[in-house]
Amino acid sequence: MKTMTSEMKPPPSSSSLSSRGLPIDVIVEIAERSDPITLLRCAAACRQLRRAISGEGLRRELRLRNAAGFVPVLLRGFYYQPLHGAHGFLQEPVRFFAAGAGAGDHHGQLPAGDDAVESLAVGFETVEARGGFVVARTGSSSGKVCNPMTGYELPIPLPRKDLVTSYLLLTADDGVGLGASSDDDSELHRFRLLAVQLCQPTNKGRRLRLKMQALTPATGRWGPTTKIPVHGGGGDRHQHPGAELLARHPVVVNGVAYFLGVSHSFDRQRPHPPSHYFILRVDVSDHGGDGRNGTTKAATIIPAPEGLKPPSCSRCTSSEAAAAVVTSKQLLLTPSRDRRSVALLVCRTTRVEIHTLDMLATPSAWARATEVVDTAAVRRRPCDLSESEVELHWSGEASGAVVLRLGGTVCQLDRATMAIRTIDEEFPEFRYRSRHMLLPYEMGLSSWVPSISTSA
């Protein structure tokens, strides 16, 4: 009888938690509905909760429980730094403004400790930010990767700005290979950073090429350069004269990265087509090992939706054609609402259009902009805006939040509800001078996994 009793006793470990109160699965279900800080504290209670919370199943449930696959609470707030002087050399300290009315605990201060203050307090230029990580330029050829919530910081070399390089951050949320980690700190801050350049051919008849480099987080150094052919959309150089990638935020959907680019042509004579926007599609699902990007598949060019012409378009002479001209700041890529494709946001003076790419069409085609957000009723300064005074500043892939500027009014669009509201009371300097540093900070779903050792 004693043996039977001892066998029935739960071991004095984390599983005994369920015998004293709620079962583990019920606790996890409650935690799914909480905010990241509460979820992190819950995971710190014991190893059994940590395993349940850090699993892929929870991340999938979090998306399913939120409208349109977005998790709005992942937008934690805004880092803001006013820059003064003719060249912005006079910098005020970085401020943090929490998102949402109920997040006032960190209002006006950075949400982490001294390490986070150190990583962002010095003036910097944001190069890329995804999944809780920030890539910042700190000099003409230097930068760093940091996570303000944890204080993680890695100094890295960055190519010069005049080399027209785009950067892509990949995290555990993207479901792609990130490579093996070398130590505990790397394991808790896993990411891949790719530097991407679109190269014009020098020899007649050759096609466009894509140059890619991958950063090795363990050493902070860039690996060898890989050249990838560019196909589709008339990848011949005569179809895309002066093609380059724009300094706009790329997105990742199902292991495929999408970059926004433009092809400049000031020649009215054939065979060169007029200037036009395009989307560059690159498979980034493979990891080639330490210092290698692993991508071997050809990149693909997809034309932008009809009716979107860059200002350099030499054939936009009629009033109808001139109305189709949009600046690159009016365009921004983002995942579609079902997160199975990519969408292109177009900000006009009175509306925001959302074009979705039909991945099943051959070749890929853009669906008609069925989602349109009316911004005419939003309070704005001045009342009459030109197209050059509107800007899409940022789009959150996980939260579904979009930050845009309508003249002197800064707004936030919630793609889950399609509601829009003004948010510029906390950073008024940004209304008229967009060169002030405004960085919306979004945690990735993988950032909900606490940085606690499994043996704790």
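The values are calculated or read from the model by the stated rules, or taken from the named source; none is laboratory data. Keep in mind the model is a prediction, meaning the values are calculated, not measured. With ideal geometry, Cβ positions are generated from the backbone for all residues, glycine too; neighbour counts draw on all protein chains shown. Just the protein is used for accessible areas: all its heavy atoms, side chains included, with ligands, DNA and RNA removed. Shrake-Rupley method; radii C 1.70, N 1.55, O 1.52, S 1.80 Å.
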query = Largest first, how would Glu429, Glu353 line up by accessible area (1.4 Å probe)?
reply = Glu429, Glu353
request  = Quick one: accessible surface of Leu198, probe radius 1.4 Å, all protein chains present, in square angstrom to the nearest 10.
outcome  = 20 Å²
ask   = How much solvent-accessible surface does His436 expose, in Å² to the nearest 10, with a 1.4 Å probe and all protein chains in place?
value = 10 Å²
note = For 127-136, 250-259, ranked highest to lowest by mean beta-carbon neighbours within 10 Å, the order is 127-136, 250-259
key: Extended-chain gain in nm, criterion 0.36 nm per residue less alpha-carbon gap, Asp384 and Thr225   = 52.4 nm
